[in-house]
Amino acid sequence: MRCSATVCLVGSLSSGPWIYWHDLEAACADASSIGLDGIELFTESADQVPADELRTLLDRHQLELAAVGTGAGKVFHGLSLTDPDADRRAQAVEFIRGMISFGASFGAPAIIGSMQGGVPRGGDREEVLAWLGEGLEACGRTAADLGVTLIYEPLNRYESNLLNTQADACAFLETCAAPAVRTLADLFHMNIEEVSLPDALRDHASHIGHVHFADSNRRPPGDGHTNFGAIGEALREVGYDGWVSAEAFPWPDPAAAARRTYETFREWIAER
Ligand code: LER
Ligand code: MN
């Protein structure tokens with residue numbers, strides 16, 4: 001398993017569950033000095049950070065790109081894979097495809113979180129799920145062509161009314177023709193939705209392609225009441241060998257949050 005931390009490069013955001021903020025070079029330098037293996041990027045668009053600039057920084061600091069988030073498509077352009085308007089759904093697919101190819105040039109997957117949208121009041125749930133499936137299939141084909149996975153993230157009930165648990169997300173993916181699509185096990189969302197985090201990780205291990213690492217209160221791992229010993233045991237038992245990526249509030253500050261994250265990873269999660 002490898003540990004990374006999120007970097008928010010969206011200039012107009014100043015709060016949210018990201019460890020590092022706004023300065024990519026400073027984030028890389030700090031992450032590398034702690035011993036983290038990579039960073040996960042949240043950018044405004046697929047071309048916000050020139051690929052050669054990112055490659056230079058990653059190489060200089062011996063980091064990998066763990067994943068790229070697509071949420072800006074929703075936040076800034078109001079796009080989602082389940083918009084009732086077919087043209088808007090097509091634009092959502094195009095936005096995500098841009099992010100997939102940005103990530104793929106670094107071997108990193110794109111994450112579909114808030115871009116999944118939800119069922120509007122009075123909407124037809126089956127129809128909305130069919131649109132989600134079509135979107136995941138279309139984006140999943142692009143990811144497969146570029147040799148990367150695509151990560152679908154079940155969100156908690158306060159962020160989406162589509163699929164909230166690992167079980168629901170995995171059962172849904174099995175109905176789609178989207179073999180490159182994996183689920184994201186975000187420990188914060190799971191803390192709200194799952195009966196048992198370690199059981200959910202064990203039961204759905206074959207679908208899980210990425211882990212978002214946060215404590216129960218979305219503070220850095222180690223600053224809430226999640227039992228990371230049991231989570232580490234489950235992840236090691238199923239042989240999870242992907243990223244454990246800190247998507248948490250920068251509490252009390254980014255540098256301390258990153259250090260706390262890495263200490264918790266080393267103590268409870270890493271292979272021993
Ligand atoms: C994105 O990874 C996520 O977890 C969402 O809660 C952001 O809205
Ligand atoms: Mn997440």
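If the chain linking N217 and E237 were pulled fully straight, counting 0.36 nm for each residue of separation and taking away their Cα-Cα distance, it would gain 4.6 nm. When each of the peptides 8-15, 165-172 is scored by the mean number of other C-beta atoms lying within 10 Å of its residues, the order from highest to lowest reads 165-172, 8-15.
Here the dipole of the range 120-246 is about 240 debye; that uses its Cα centre as origin and unit charges on the Cβ of Lys and Arg (positive) and Asp and Glu (negative). Among E25, E44, the ranking by other beta carbons within 10 Å of each residue's beta carbon, starting with the fewest, stands as E25, E44. Considering only P84, V148, L65, and ranking their Cα positions along the charge dipole of the range 25-150 that arises from unit charges at the beta-carbon of Lys, Arg, Asp and Glu, the one farthest toward the positive end is P84.
Pair-distance distribution of the chain: all C-alpha pairs, bin width 5 Å, starting at 0; shares per bin in whole percent are 1, 6, 14, 18, 20, 18, 13, 7, 2, 0, 0. Placing +1 on each Lys and Arg Cβ and -1 on each Asp and Glu Cβ, with no other charges, gives the chain a dipole about its Cα centre of roughly 220 debye.
Remark: relative contact order (the chain) = 19 percent; criterion is Cα-Cα distance under 8 angstrom and separation of 6 or more residues.
Since every read-out is calculated from the coordinates, none of them should be taken as a lab result. Nothing here was measured: the structure is a model prediction, and the numbers come from that model. We place every Cβ from the backbone using ideal geometry, glycine too, and count neighbours over all the protein chains shown.
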